[in-house]
Amino acid sequence: MNALSQGMGGLALILSFGLLCARRTGLALLLFGLQGLAVSVAVAAQHALSAAALNAVSVLAVPWLARQWAVVSAAGDRTWSMPVTLAAAAVLSLVAAAAGTLALPLAILLLGLLLVGARPSPILQALGLCSLQQAAVLAASGLAGTAPLLPIAVAVPVLPALALAALLLHAAGGWPTGERPKGERPEGEWPQGDRLS
Amino acid sequence: MIPSTGLAVPPLLAAALLVALHATAWRRRVDQGACLLVLLLALVLPWMADAPAPSAADLLAILFAAGALTDAVAGPSRHRFVQAAGQLRLAAMLLALRPADPLVSLLFLALASTAGAARRLPRTDAVAARLLAGNVSLGLALFGVVALQAGSVPIGGAALLLGWGALVVLDPTLLPLVLLLALRLQAATGAESHGNLVGNLMVAGGLGVLLASAAVLLLRRPGLRRLPNLTTLAQGGVALCGFGLGGPDLRFAGLVHLALLTLSRSALLLSGEAGLDRLASLLGLSGLPPIGLFPSLALIVGGIAVMAPWLLLPMAVGLVGLGWVCVASLPAAVGPAHLSPAWLPLVLALLLGFAMPAPIAAWFHAMAVAPP
């Protein structure tokens, strides 16, 4: 990693802390977009321009589509209080520091997981999941010299697409075709009277 | 090796057809027909004259098709989208068997997991929750793949096993596939200068899954509805321990364990309500003698006793807890024994476990020594 790449990785980590602190959904979307752009610049600094462009388009599309499809919910309460969340984030960052060259991506990954666990709002959880991919893209950028296709493959926005699909389904809240076949039981449910004990 | 890419064609075509068909009876026929076709092909292809050397992927293709067929036969009537999602999941699982780049395997695993989540329709909130939870697992696994490519085996191996493990917790059907991927990971990293780090992680993970499943069963008493899935997880943990310790004998026992697990789960799906066949299936799934998983469990425990005797104590705690909950969940009185399709997989499991024909035993041994 060169100096620009490391600096942008550090900025992405700081923005992860920002995401944990965001009270408003709009601010969280903005912080996520900025984090993704920081990761894209870090990837571009490793001469993986295609992966950087793909990642930039992906991170800008997520907040835009979330707003277009009206799946942006309220940020909601925190599961944990702010001091506890920040203390946990600090401990996780310190743990990640032991990972050598993967310290920055690992810290972003762990903070993304913390965001998923600490904030019950679906939109913030989806942003936390998208952060996981940003961590993987940042880690893959270090390998652009030896495996040029790896950053591009990792930047393919599969996880953001699944997160957006989950948000859409959460917002829909009904049977998509408007009908339910007669006698149908939800998956995994046993018939009544199936209790042996 | 079975051309798993070709095996995936019938379920893909069936998925497209199922979306278009509206008649419930025809959809059921298409659903079952596609699974049966894949099962027949998967059973026949390894015995063809020009077939390549057998590998674990051959066995898993058969197990996936058998599991899907049982589900299509015994499962409830479902919406066309749900049936199509089931076929898509089968196709993705077959495609993931093909030895390929870890990122490609992860992509198919993501597809299988997403199709599995779609089977929870019409409860869209449940699908959304499953998608979000599955996404966490896939994110961890993605990071693990990249970390491994970067040469960081401890971080990469741990992230991959955690991600895959979480996927299996969400969808136990993916268990054999994830075990195969773990075996491939072990084979890929074993040659490097990391000792048997991934193997040790697999043993720790398997033991953790077994003990956690037994603890949940003992403390929460989740009832008969969740018992099969938790028991499957625990048995998967046992197989993971065996695979992690390595060696052809334990790998043979692990493969037989997976086959018997699929047969026992199929028997449970096919069994009637509160009959002797359901009781036998539940006991077999928990590893209680003489039916179901007991023979392969005995093989794995015997192998572990030779290679790592210290593992026997925690494993015994987990297995005794599992058996205890299963026995405690059984009713005082059951209905009379009657002819049920569930006895077919149970008898097959009994045959495989205690009187495996020599050609099939040789086939399993060949798979155990072949690269995964």
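The numbers here are math on the coordinates, done by the rules we state, and not lab data. What you see is a predicted model, and the numbers here were worked out from it, not measured in a lab. No Cβ is skipped: glycine too gets one built from the backbone with ideal geometry, and neighbour counts run over all protein chains shown.
Taking only the Cα atoms of the protein assembly as shown, the radius of gyration and Dmax are 23.8, 75 Å.
When chain B is described by a simple charge dipole with +1 on each Lys and Arg Cβ and -1 on each Asp and Glu Cβ, the residue from B:L227, B:L312, B:P99 located farthest towards its positive end is B:L227. Listed values for the range B:107-114 are Karplus-derived 3J(HN,Hα) couplings in whole Hz (6.51 cos²θ - 1.76 cosθ + 1.60, θ = phi - 60°), namely 5, 5, 5, 5, 5, 5, 5, 5, and x replaces Gly and Pro. Residues in the range B:57-65 carry Karplus couplings, in order, of 4, 4, 5, 5, 4, 5, 5, 4, 5 Hz; the curve used is 6.51 cos²θ - 1.76 cosθ + 1.60 with θ = phi - 60°, and Gly or Pro positions show x.
If only the Cβ of Lys and Arg carry +1 and only the Cβ of Asp and Glu carry -1, the dipole of chain B around its Cα centre is close to 960 debye. Just so you know, the Cα atoms of the range A:3-174 work out to an Rg and Dmax of 15.3, 50 Å. The alpha carbons of chain B stretch over 58, 49, 46 Å along the principal axes, in descending order. The residue among A:A28, B:L131, B:V238 whose Cα reaches farthest toward the positive pole of the charge dipole of the protein assembly as shown, with charges on the beta-carbon of Lys, Arg, Asp and Glu, is A:A28. When only the Cβ of Lys, Arg, Asp and Glu is charged (+1, +1, -1, -1), the dipole of the protein assembly as shown relative to its Cα centre reaches about 1140 debye.
By the beta-carbon count within 10 Å of each Cβ, the least crowded to most crowded order of A:V116, B:V146, B:V216, fewest first, is B:V216, A:V116, B:V146. Largest GNM mean-square fluctuation across B:L276, B:L97, B:L339, computed for chain B with C-alpha springs under 10 Å, falls on B:L339. When every alpha-carbon pair in the range B:191-303 is counted, what percent end up more than 17 Å apart? Counting every Cα pair in the range B:191-303, those more than 17 Å apart make up 55 percent.
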